[in-house]
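Reviewing the structure listed below.
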């Protein structure tokens, strides 16, 4: 009987231990499932689906991770320049009152195009004198022929012939001079008739380019030689960077430069060094380095400030535009394109993008680019949002509603 009682106590003890261990095991399984579900939720929260039209409306763009020499290059500041051989001051050799202004700042003009009309009574007088001399020359020619015949027949005095001959030559010189002056005034003397006399002159473009300034107004008196307008040929923009003395020995002809606008880091370009200055600019101990912009020049205008990087070595790093990175809660992220699909959107087939947010660490920054050190795995070949990351994060924060 004692043995049975002891066995009963043992059995009760084992059952109690089992009951205590099972809830613990169950709790661990529940916690594990909860952690797994939380991880799935975090993964889902880091994903974002957006239609192509929405993506473009945010001002975002797609691109790839690039290899940049951000640490081994020379950083410099400078300006977009159109040098003087590609600029022009519009002037007139004759003064007058401004009658018409046919262009405005920003207009693209061709060489020889009429820009401004001036009224000047002096121009009328010149045309009158030219036509009068043409008629007088014809009469002098007849008189000269007659005097020559008289001299040849010993019926006239040689002195009379010589006087008329001198008069004829003087008229020829005067006509030739007036003809040149009228041509400079934009009047074709060969076609001039009493009915076609003009009351002024036309001021034409000396070069092709863009009107940058108009420096007169209707009714104003324009002096001869005064600048009436300015033309800049923005197709000939180049780059001037200022390099300090300590870095000058690292600058070579043919060196590649990457640059971005100081006020718009997203606007980038490339240039090749083709001339290095030989004197210091001002008091800052910097020398101007001229570089030829390669590729498209659209959007670059004379006087724009730039930040440039001259590559001097092979210290390449993974880099992306600054606008690709968004900072949140003390961490930095980028949005990589996970997949695309063409789906129905409000009755119209449209491309849908699915982005995943990846954590990165920022390194060196220069010319609008930042070195990235991946924390979440990156292959290096994926596409990513190279601009508009802040807007994508805002859309993600506002709720990951999938638009199907």
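Things to note:
- Subtracting the Cα-Cα distance of residue 152 and residue 223 from their residue separation scaled by 0.36 nm leaves 20.2 nm.
- In the stretch 66-214, the DSSP beta bridges split such that about 100 percent are antiparallel, to the nearest 5.
- Restricting the calculation to Cα atoms, the stretch 95-175 shows an Rg/Rh of 1.36 when the hydrodynamic-style radius is the Kirkwood one.
- Sequence ranges 127-138, 205-216, ranked by mean other-Cβ count within 10 angstrom, highest first: 205-216, 127-138
- Cα coordinate range in the stretch 122-270, projected on the principal axes (Å, largest first): 91, 43, 23
- Stretchable slack from residue 262 to residue 77, in nm (0.36 nm times residue separation minus alpha-carbon distance): 65.7 nm
- With the cut-off at under 19 Å, measuring from each backbone N in the stretch 331-352 to a point 7 Å along the Cα-to-Cβ line of residue 57 picks out 341-352.
- At an R0 of 45 angstrom, the distance between the Cβ atoms of residue 89 and residue 346 translates into a FRET efficiency of 0.20.
- Each part reduced to its alpha carbon centroid, the stretch 323-368 and the stretch 194-226 end up 55 Å apart.
- Averaging 1/r over each pair of different alpha-carbon atoms in the stretch 286-404 and inverting the result gives 17.4 Å, the Kirkwood hydrodynamic radius.
- Across the stretch 381-397, the residues whose backbone nitrogen lies under 18 Å from the label position 7 Å along the beta-carbon direction of residue 339 are 382-384.
- If you look at the Cα atoms of the stretch 214-317, you get an Rg and a Dmax of 18.0, 63 Å.
- A simple spin-label model places pseudo-atoms 7 Å from Cα toward Cβ; at residue 301 and residue 163 they are separated by 6.9 nm.
The numbers here are math on the coordinates, done by the rules we state, and not lab data. Since we're looking at a predicted model, the values are computed, not measured. Every residue, glycine as well, gets a Cβ built from its backbone with ideal geometry; the counts of neighbours run over all protein chains shown.
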